[in-house]
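Peer 1: My questions all concern the structure below.
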Amino acid sequence: MVREFILEVGGSKDSNAESDRLVSQGETWCRRRGSNPHDAKHHWILSPTRLPVPPLRRGNDYTGGDGNFSSDGFPKPNLQIDPNSGPTAFLQATSFSNCYNAGAGLNMSVNICTIRITTCVFAACVISGCFEIPHPPPLPADLSKARIAYGSDLLAKSPPTGYPKVGSISDLRYAQFSSAAKPELAIVGTFGAIFVGANQQVDRTTHFAAGAVDPIVLVQAKEGQPPFFLDGGSWTEKLRLFDDNGIQRWSFGSSFMTGIDHTAAGDLFGNGQLEFVVGSNGASGIYLLDSNGTKIWTKAAGNVWHVEIVDAGAGSPGRIINSDARGALTIRDPSGTVLRTFHPVQYVSSFGLTRWQHELQVRHLVVPDKDVLLIMDLNGEQAAHLEAPDCAESAENEIFSTPVCFAHTQCYQATLLNYKLWNRAVLYLNEMNGKLAYQEIYGQSCGAVSTIPRAAARNSENLLVGCGDEVIQYTGR
């Protein structure tokens, strides 16, 4: 196993503090005297298997008290770290010299001999076949062609409506977004959000201060409050929260290798405030943040793939659900205490939240497995078994589900399974007894499903699916 060394350069409020450290896997290996009074820290990752990367900037007020750093916090050329100061015998195997800002990144000479040896060993291992580089599974033949695979006479499908200004659609939400306003349809994408009124006209548009790579979802503690927009982050991107005007309110995580696998938001404590749960890769665990992005608690967990928050309701406590490297689902209370861990299928990586039947609030999970979709309650008990031909569980899945009633006696569970790896999506509609009523395969990724009331019919809805920058509307026949 190759160690990854992190050089943390900074100072403390005590000008005589031993502040600069070289850290490997959480252990302090070396200390070097620093004299920065501003407590600004800058990191470099040094690994024989990685190119040098920019520092993780934590401030721009470093004055370079020891003469080795410029005012912007970057090391000056030819910075030398004395290998004889402190317990640094291991530094004989690691060279720190010729460090400078090269515009797009930080060029560092880090034990060229070690890099060459590692590269040669890696190349020889690939050639000799001592380990296999994983390849993505091939696209299943059943998903290769866009088509209605079952139930073509059930629904009427409208031509898609394009919303190129929002980017790739990742959320559709019909709700009330202020105390005085009428309900609107929010169409959310990677660039911004559009709010459409009852007359099908765009009421307003929100542009995010910075575009997103990861899906953005609309979050509210309760209906009638102004919305926020959550960019949940990723391994290399911070978690960010934007307000109703698209302005970034706060962010969480470092500027490089945040290790975030998934983020979710909800009113966990039932106090009208949003909380955020963050699942991390590796052994970083699971975090709960308050509405300002401040950490409330951290719980130990390994490779938390997916997380969700179930809002607290009248007589119903909030819950946190996560999947992990064991392939299990874990249900936690608001304090993070584990209530139950179980395996509804052989291995769970992705899952979703849903209302089931006539619930007004989300109180169920939907879990994909081979050719089936399982509806589970928050006690881990199975509520329904839905037929889902060609359904394949994958770590790259996204799953969205909602009940829809096209008429009083025509109600179904609509589930959208998005295969990001294959750039495909499948829509299933199941009767409440689990029998398949409709199946459609899309020739692209589709990131959202929702319902909207029909203006001309009471107690009936249309179904909406967001694919790319387009919204497709379905009505019952």
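Readers should treat all values here as calculations from the given coordinates under stated rules, not as data from a laboratory. Keep in mind that this is a model prediction, so the values were computed, not measured. As a convention, Cβ positions derive from the backbone with ideal geometry for all residues, glycine included, and neighbour counts pool all protein chains shown.
Peer 1: Please report the antiparallel percentage of DSSP beta bridges with both residues in the range 274-322, rounded to the nearest 5.
Peer 2: Here the antiparallel bridges make up roughly 100 percent for the range 274-322.
Peer 1: Still on this structure, please answer the following. What net charge do the residues around Glu387 carry, taking every other residue with its C-beta under 13 Å from that of Glu387, with Lys and Arg at +1 and Asp and Glu at -1?
Peer 2: Summing Lys/Arg as +1 and Asp/Glu as -1 gives -2.
Peer 1: Among rounded, prolate and oblate, which fits the range 373-477 when a ≥ b ≥ c are the square roots of the eigenvalues of its C-alpha gyration tensor, a/c under 1.5 means rounded, and a/b larger than b/c means prolate?
Peer 2: Taking the square roots of the gyration eigenvalues as a ≥ b ≥ c, the range 373-477 is oblate.
Peer 1: Given R₀ = 30 Å, what would the calculated FRET efficiency be for Gln473 paired with Ser335, taking r from the Cβ atoms and rounding to 0.05?
Peer 2: Rounded to the nearest 0.05, the efficiency is 0.10.
Peer 1: Within 10 Å of each residue's Cβ, count the other Cβ atoms and sort Glu431, Glu387, Glu359, Glu440 from fewest upward.
Peer 2: Fewest to most other Cβ atoms nearby, the residues stand as Glu359, Glu431, Glu387, Glu440.
Peer 1: Here's another thing I want to ask about it. So for the range 145-476, taking the charge dipole from beta-carbon charges (+1 Lys/Arg, -1 Asp/Glu), which of Leu155, Gly192, Thr475 sits furthest toward the positive end?
Peer 2: The residue sitting farthest along the positive end of the dipole is Gly192.
Peer 1: Compare the Cα positions of Gly352, Pro368, Ile331 along the charge dipole of the range 145-476 (+1 at Cβ of Lys, Arg; -1 at Cβ of Asp, Glu; about the Cα centre) and return the one farthest towards the positive end.
Peer 2: Of the listed residues, the answer is Gly352.
Peer 1: What is the P(r) of the range 132-223, as percent of Cα-Cα pairs per 10 Å bin from 0?
Peer 2: Each 10 Å bin holds this share of Cα pairs: 13, 31, 28, 20, 7, 1.
Peer 1: Also: Sorted by mean Cβ packing within 10 Å, highest first, what order do the peptides 411-424, 222-235 take?
Peer 2: Highest to lowest by the protection proxy: 411-424, 222-235.
Peer 1: Also, I was wondering about something else. Given the peptides 283-294, 458-469, arrange them by the average over their residues of other C-beta atoms within 10 Å, most packed first.
Peer 2: The packing order, highest mean first, is 458-469, 283-294.
Peer 1: With +1 on each Lys and Arg Cβ and -1 on each Asp and Glu Cβ, and nothing else charged, work out how big the dipole of the range 145-476 is about its Cα centre, in Debye to the nearest 20.
Peer 2: Dipole of the range 145-476, to the nearest 20 debye: 180 debye.
Peer 1: Please work out how much length the chain gains when fully extended from Asn379 to Lys420, using 0.36 nm per residue of separation minus the C-alpha to C-alpha distance, in nm with one decimal.
Peer 2: Residue separation times 0.36 nm, minus the Cα-Cα distance, leaves 11.8 nm.
Peer 1: Let me ask you something else. If you add up the charges near Gly162, with Lys and Arg at +1 and Asp and Glu at -1, over every other residue whose beta carbon is less than 9 angstrom from its beta carbon, what do you get?
Peer 2: -2
Peer 1: Report, as a whole number in µm² per second, the diffusion coefficient that Stokes-Einstein gives for the range 145-476 at 10 °C and 1.306 mPa s using the Kirkwood radius over alpha carbon pairs.
Peer 2: Diffusion coefficient, whole number: 79 µm²/s.
Peer 1: Using 0.36 nm per residue, how much length does the chain from Ala146 to Asp390 gain when fully extended, once their Cα-Cα distance is taken away?
Peer 2: Extra length available between Ala146 and Asp390 comes to 86.5 nm.
Peer 1: Further question: Give the calculated FRET efficiency between Lys295 and Asp153 to the nearest 0.05, with a Förster radius of 35 Å applied to their Cβ-Cβ distance.
Peer 2: Working from the Cβ atoms, E equals 0.10.
Peer 1: Okay, moving on. Two decimals, Cα atoms only, Kirkwood Rh: what is Rg/Rh over the range 251-374?
Peer 2: With Rh from the inverse mean 1/r over Cα pairs, Rg/Rh is 0.96.
Peer 1: Further question on the same structure: Taking the range 170-296 as the region of interest, what is the percent of Cα-Cα pairs per 10 angstrom bin, listed from the shortest bin to the one with the maximum distance?
Peer 2: 13, 44, 32, 10, 1, 0
Peer 1: At Val202 and His343, where each label point lies 7 Å from the Cα along Cα→Cβ, what is the point-to-point distance in nanometres?
Peer 2: Result: 5.0 nm between the two label points.
Peer 1: How much net charge surrounds Gly189 when only the other residues with a Cβ under 11 Å from the Cβ of Gly189 are counted, with Lys and Arg +1 and Asp and Glu -1?
Peer 2: It works out to a net charge of -2.
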